[in-house]
1. Once phi is turned into θ = phi - 60°, what whole-Hz ³J(HN,Hα) does the Karplus curve with 6.51, -1.76 and 1.60 give for every residue of the stretch 37-45, x standing for Gly and Pro?
2. Work out how much length Ile259 to Ser49 would gain on full extension: take 0.36 nm times their residue separation and subtract the Cα-Cα distance, in nm to one decimal.
3. Using the crude model of +1 on Lys and Arg Cβ and -1 on Asp and Glu Cβ, and no other charge, please compute the dipole size for the stretch 108-231 relative to its Cα centre, in debye to 20.
4. Per-residue ellipticity at 222 nm for the chain, helices alone: DSSP H runs ≥ 4 residues times -39500 (n - 2.57), over residue total, nearest 500 deg cm²/dmol?
5. What's the magnitude of the charge dipole for the chain around its Cα centre, counting Lys and Arg as +1 and Asp and Glu as -1 at the beta-carbon? Answer in Debye, nearest 20.
6. Distance between the C-alpha centers of the stretch 53-132 and the stretch 231-275? Whole Å please.
7. Report Rg(Cα)/(2.2 N^0.38 Å) for the chain, keeping two decimals.
8. Work through the residues other than Lys147 whose Cβ is under 11 Å from its Cβ and net out their charges, Lys, Arg +1 and Asp, Glu -1.
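The values are calculated or read from the model by the stated rules, or taken from the named source; none is laboratory data. Everything numeric in this text was worked out from a predicted model, so none of it was measured. Cβ sites come from the backbone with ideal geometry, for glycine too, and all protein chains shown count toward neighbours. Note: areas computed on protein heavy atoms with side chains; ligands, DNA, RNA excluded. Shrake-Rupley method; radii C 1.70, N 1.55, O 1.52, S 1.80 Å.
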Amino acid sequence: MSIKCNKNAPIGVFDSGVGGLTVAREIMRQLPKEHIVYFGDTARVPYGSKSQNNIIRFSRQIIRFLRTQSVKAIVIACNTASALALDVVRQETEIPVIGVVIPGARAAVQATESKKIGVIGTEATIRSEMYTKIMKEMDPEVSVIGKACPLFVPLVEEGFSKHNVTGEIIDYYLESMKESDIDTMILGCTHYPLLRTRVREYMGEQVHIVNPAYETAMDLKKILEDNDMANETLEEEHATYSFYVSDAADKFKQFANSILPYDIETTKQINIEEY
């Protein structure tokens, strides 16, 4: 199957804020020829406390904005929006739209041998049990332990990922999961890959850590290749990356430059309510 598109067109990536930059980072690593337009909805973060109707409305607005940038595919780099809006917006959009939940769930189901899987995420993600539902559809025999770790997000955003206090909070949240018999754990929030090394050290070698950001980038790669949409023209020049936010552009840029493989020079603020 081939979807008619300009292969040189960018990939649209959006999130409620900065967490989705871990997904953008994996796309940069795994698909170095693809251009990216990223939108962070920093004025309305967090999505976890919002209703499904609002999440769908926000997602529609952002997709309308990304379509003005002539994107050829869209990645919803947000667990909450992937769970609550993906099915609706996918039916309304003729280009491929993927989320982060299904790729992460599939990788965990394929990796587990004991069929016991842990999921850590925001309170909204854990309360929704979306990973549990999807994994049980894939394999009814899996059992899932969920744990909300709300302090992980501010620790990451404040640059505390290597600080001693982060180790104490990992122990506080994950002690019961460490004592369980899970053999696989999903980092069910886009901020959490920035704590992956610390979490892996704490849980031990016997627990396989699934990073949905990586799995999503690999899914995107397959979709582009299967539909003859991959950018093959880029040789000498580098891919271009554009960043837009709905608020606090300077703070966003500062955080992005701390985790991305290169420095971004500008972040543009737009009024997303106009879309």
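1. Values per residue, Gly and Pro as x: 10, 10, 10, x, 7, 5, 6, 10, 5 Hz.
2. Working: separation 210, 0.36 × 210 = 75.60 nm, distance 2.58 nm.
Length difference between fully extended and current span is 73.0 nm.
3. Details: 13 positive and 21 negative charges, 34 e Å.
Rounded to the nearest 20 debye, it is 160 debye.
4. Working: 12 runs with 122 residues, N = 275.
Mean residue ellipticity at 222 nm (helix-derived): -13000 deg cm²/dmol.
5. On the way: 30 positive and 38 negative charges, 105 e Å.
So the magnitude is around 500 debye.
6. About 21 Å separates the Cα centre of the stretch 53-132 from the one of the stretch 231-275.
7. Details: Rg = 18.0 Å, N = 275, 2.2 N^0.38 = 18.6 Å.
Against the empirical 2.2 N^0.38 Å value, I get 0.97 for the chain.
8. On the way: positive: Lys178; negative: Glu123, Glu175.
So the environment of Lys147 carries a net charge of -1.
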